[in-house]
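Worksheet for the structure shown next.
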Amino acid sequence: MLHDKAVKKVEKALGVKVEKMGHRWGCVYDGYVISWISSPGWKREGDRLVDDGPLEASNWHVRREDDHTDSMVDYFAGSFMDNVTQLINYVKPPAPKFELGTLVKGKDNKRANRHGYANRVGVVIRPGRSMGIQWAGEEKARWVSYPENDFARA
């Protein structure tokens, strides 16, 4: 991804200013430090590569603000992500698809059939990416998590 696009996406999503942090670019948001490396684009001139073109962003990293790498004990703080969207969603998760109390129905897909909740109806009791459901006809809620993508509004 181009560095300029990554900066615009992070600044728009998080509402913070991206700045140079040593040899990396990044910002601090809600107790987390997110960062990435920018390197020049390469183009071929004859048989050699020349650094030319816009900056490319890569090496997406997130860590807690109070957590630091300690090379003396082989501790490396934080995690690496695959792209800038994962980085943003790590520090600011998207809103849940279903609110608390929403009536949902399990989709008829492979995973839902395998786990036995396809076409079952229930009420959301714990919203989020991995949500809790009180099934219709059951007395007691089980603390099982279900992926929100396997459900639709009933």
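Just so it is clear, none of the values below were taken in a lab; they were calculated from the coordinates. This structure is a prediction, so every number in the text was calculated from the model and none was measured. Note that we place each Cβ from the backbone using ideal geometry, even for glycine, and neighbour counts take in every protein chain shown.
Values for this structure:
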item: Two-site FRET efficiency, M1 against D47, from Cβ-Cβ distance with R₀ of 30 Å, rounded to 0.05; result: 0.60
item: Highest-MSF residue in the chain out of H115, H61, H23 [GNM, Cα springs under 10 Å]; result: H115
item: Cα-based shape type of the stretch 3-91, given that a ≥ b ≥ c are square roots of the gyration tensor eigenvalues and the cut on a/c is 1.5; result: oblate
item: Karplus 3J(HN,Hα) series, Hz, for the stretch 94-109 with 6.51 cos²θ - 1.76 cosθ + 1.60 (x for Gly, Pro); result: x, 4, x, 5, 10, 7, 4, x, 6, 7, 10, 10, x, 6, 8, 10
item: F76-K140 pseudo-label distance in nm [points 7 Å out on the Cα-to-Cβ vector]; result: 4.5 nm
item: Amide H within-cut-off set for E56, under 5 Å, with H built and near neighbours excluded; result: H3, S39, G41
item: Computed magnitude of the charge dipole of the stretch 103-153 (debye, nearest 20; Cβ of K, R +1, Cβ of D, E -1); result: 140 debye
item: Set of the stretch 116-154 residues, backbone N closer than 20 Å to the point 7 Å along the Cα-Cβ line of T85; result: 128-130, 147-151
item: Fewest-first sequence of W60, W42 by Cβ atoms within 10 Å of each Cβ; result: W42, W60
item: Within the chain, longest stretch clear of exposed trypsin sites (Lys or Arg not before Pro) (DSSP loop, no more than 13 other Cβ within 10 Å); result: 18-128
item: Average Cα contact separation per residue, the stretch 103-153, under 8 Å, 6 or more apart, as relative contact order %; result: 37 percent
item: Globularity ratio of the chain, using Cα Rg and 2.2 N^0.38 Å; result: 1.46
item: Residues whose placed amide H lies under 5 Å from that of R126, excluding near-sequence neighbours; result: G132
item: Rel. contact order, % - alpha carbon contacts under 8 angstrom, at least six apart, the stretch 1-123; result: 18 percent
item: Whole-Å distance, taken between Cα centres, linking the stretch 1-49 and the stretch 61-119; result: 22 Å
item: Charge-dipole axis of the stretch 3-91 as Lys and Arg at +1 and Asp and Glu at -1 on Cβ define it, positive-most pick from S39, N59, L14; result: L14
